[in-house]
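The values are calculated or read from the model by the stated rules, or taken from the named source; none is laboratory data. Please read these numbers as outputs of a predicted model, since none were measured by experiment. So basically every Cβ, Gly included, is an ideal-geometry build from the backbone, and we count neighbours across all protein chains shown. Heavy atoms of the whole protein, side chains included, go into the accessibility calculation; ligands, DNA and RNA do not. Shrake-Rupley method; radii C 1.70, N 1.55, O 1.52, S 1.80 Å.
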Amino acid sequence: MFFSDFDDFLRTKGKNIEDDILPQVYEIVSMCFDAAEPRLRVDPEYLKYFPFQLFGFDFLVDAEYKVVKHKHNVFVRVRACLSVHIHCNVVPLLV
């Protein structure tokens, strides 16, 4: 479901993404990064470059519109994930 579809659904219940869901999501993500911050630091003495990682978070929303974190992923090998070769092999399996 796309955000716009989910927001349309929430509005039928008197809720919306901006006010009722996203603040909870931001709080959860912030807590995750605060907890992991010491492990995410890059020591400039150790590395002469500053790598980056992409993080993906999956959330569930319960019947009371409470957001809970289902899981999170770290995309360490972004280049490999975006490779045309992978897309060509994986997409047919999913369709």
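Mind giving me the FRET efficiency for Arg41 and Tyr65? R0 is 30 Å, r the Cβ-Cβ distance, nearest 0.05 is fine. Using R0 = 30 Å, I get an efficiency of 0.30.
Note on Lys15 and Gln53: the model spin-label points, each 7 Å out from Cα along the C-beta direction, lie 3.0 nm apart. The modelled label-to-label distance between Val25 and Phe3, using points 7 Å beyond Cα along the C-beta direction, is 0.6 nm. In the context of the full protein assembly, Val42 retains an accessible surface of approximately 50 Å², using a probe radius of 1.4 Å and ignoring ligands and nucleic acids. Near Leu22: Cβ cut-off under 13 Å, other residues only, Lys/Arg at +1 and Asp/Glu at -1. The net charge is -4.
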